[in-house]
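Student: So that we are looking at the same thing, I have put the structure below in structure tokens.
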């Protein structure tokens, strides 16, 4: 069985190995490219205020990767604030940067709704919260924290873009070695796959 993985490259390796362990053949086709934000000067100015925050929330491993790289350029040691992650994978990424105590939902699903249910986010009036994220994304976390009285600062540390891929070569390969399963973990991954393939090819799948 051939399995097409559309996740961004930085998070596809683990899934790819699990598919191999099941005696299937993974094929990587990241339909989202993750790049650091082009607004580095603005980001640096925001990071310099990190010690004024009560809580820093990271919504993905990419947010940790691109955010902590900049944070460490300006803060040593790290500010004495509370650190939160959307899920255990993101929490683990923070711990690799020597953030020892991370607030994280204990049970799945690991998403915004689960994070907002945690006790610490119930009484946050006048608390300053930095949300490290990419461009765009769901507004729920930002909106709900503001409704509960928090002062929220959105910190965009990376951007998601449509990658440049020789899709003709891929389609030619798939005609001789058809894909059996397509794994997509977000609507953005799926939409980008359809854009890359084009309407005529996409309808065949």
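Each value in this text was obtained by applying a stated rule to the coordinates, not by laboratory testing. Owing to the predicted nature of the structure, the values given are computational and were not obtained by experimental measurement. Please note: Cβ atoms are built from the backbone with ideal geometry, for glycine as well, and neighbour counts cover all protein chains shown.
Student: Fewest to most neighbouring Cβ within 10 Å: what's the order for 100, 180?
Tutor: On the way: 100 8, 180 11.
Ascending Cβ contact count within 10 Å gives the list 100, 180.
Student: Sort 136-145, 64-73 by packing, meaning the average of other beta carbons within 10 Å per residue, with the highest value first. Intermediate values should be presented prior to the final figure.
Tutor: Values: 136-145: 15.3, 64-73: 19.5.
In descending order of packing, they fall as 64-73, 136-145.
Student: Can I ask one more? Separation between the residue 39 and residue 138 pseudo-spin-labels, each 7 Å from Cα along Cα→Cβ, expressed in nm?
Tutor: 2.3 nm
Student: Only Cα pairs under 8 Å and at least 6 apart count here; give the relative contact order of the chain as a rounded whole percent.
Tutor: Details: 315 pairs, mean separation 56.9, N = 205.
In percent, rounded to a whole number, it is 28.
Student: Right, next: Can you put 81, 120 in order of Cβ neighbours within 10 angstrom, beginning with the fewest? Before the final figure, lay out each step's value.
Tutor: Values: 81 17, 120 13.
Least crowded to most crowded, the residues run 120, 81.
Student: To the nearest Å, what is the center-to-center distance of region 39-93 and region 114-145, using C-alpha atoms only?
Tutor: Result: 14 Å between the Cα centres.
Student: A further question on this structure: Mind checking the log10 I(q)/I(0) for region 1-99 at q = 0.24 Å⁻¹? Debye, one equal scatterer per Cα, no solvent, two decimals.
Tutor: Log10 I(q)/I(0), no solvent term: -1.27.
Student: Would you mind computing, in nm to one decimal, how far apart the modelled labels at residue 52 and residue 162 are, each placed 7 Å from Cα along Cα→Cβ?
Tutor: With each label point 7 Å from Cα toward Cβ, the separation is 3.9 nm.
Student: Counting pairs of Cα atoms in region 87-205, how many percent are more than 22 Å apart? Don't skip to the answer; put the middle values down first.
Tutor: Working: 3698 of 7021 pairs.
Cα-Cα pairs in region 87-205 separated by more than 22 Å: 53 percent.
Student: Would you kindly state how much longer the chain becomes between residue 25 and residue 179 on full extension, computed as 0.36 nm times their sequence separation minus their alpha carbon distance, in nm to one decimal? Numbers along the way, then the final one.
Tutor: Numbers: separation 154, 0.36 × 154 = 55.44 nm, distance 0.96 nm.
Using 0.36 nm per residue and subtracting the Cα-Cα distance, I get 54.5 nm.
Student: If you don't mind, another one. Just check region 38-158 against the gyration tensor rule for me: Cα atoms, a ≥ b ≥ c as the square roots of the eigenvalues, rounded for a/c under 1.5, and otherwise prolate or oblate depending on whether a/b exceeds b/c. Don't jump to the answer; show the numbers that get you there.
Tutor: Values: a/c = 1.42, a/b = 1.24, b/c = 1.15.
In terms of gyration-tensor shape, rounded.
Student: Provide Rg and Dmax in Å for region 37-80, with only Cα atoms included in the calculation.
Tutor: 10.1, 28
Student: Continuing with the same structure: Could you grab the relative contact order for region 38-158? Cα pairs under 8 Å, six or more apart, rounded to a whole percent.
Tutor: Value for region 38-158: 29 percent.
Student: I'd like the orientation of helix 167-176 relative to the chain: the angle between its Cα long axis and the longest Cα principal axis, in ° from 0 to 90, rounded to 10.
Tutor: 50 degrees
Student: By how many degrees, 0 to 90 and rounded to 10, does the Cα axis of helix 187-197 deviate from the longest principal axis of the chain?
Tutor: 40 degrees
Student: For the chain, what does -39500 (n - 2.57) per DSSP helix run (n ≥ 4), summed and divided by total residues, give at 222 nm, in deg cm²/dmol to the nearest 500?
Tutor: Working: 9 runs with 81 residues, N = 205.
The helix-only estimate for the chain comes to -11000 deg cm²/dmol at 222 nm.
Student: If you rank 16, 80, 36 by fewest surrounding Cβ atoms within 10 Å, what's the result? Walk me through the intermediate numbers first.
Tutor: Numbers: 16 19, 80 6, 36 16.
Fewest-to-most ranking of 16, 80, 36: 80, 36, 16.
Student: Name the shape class, rounded, prolate or oblate, that the alpha-carbon gyration tensor gives for the chain, where a ≥ b ≥ c are the square roots of its eigenvalues, rounded holds for a/c under 1.5, and otherwise prolate holds if a/b is larger than b/c and oblate otherwise.
Tutor: Numbers: a/c = 2.17, a/b = 2.02, b/c = 1.08.
Since a/c reaches 1.5 and a/b is larger than b/c, the shape of the chain is classed as prolate.
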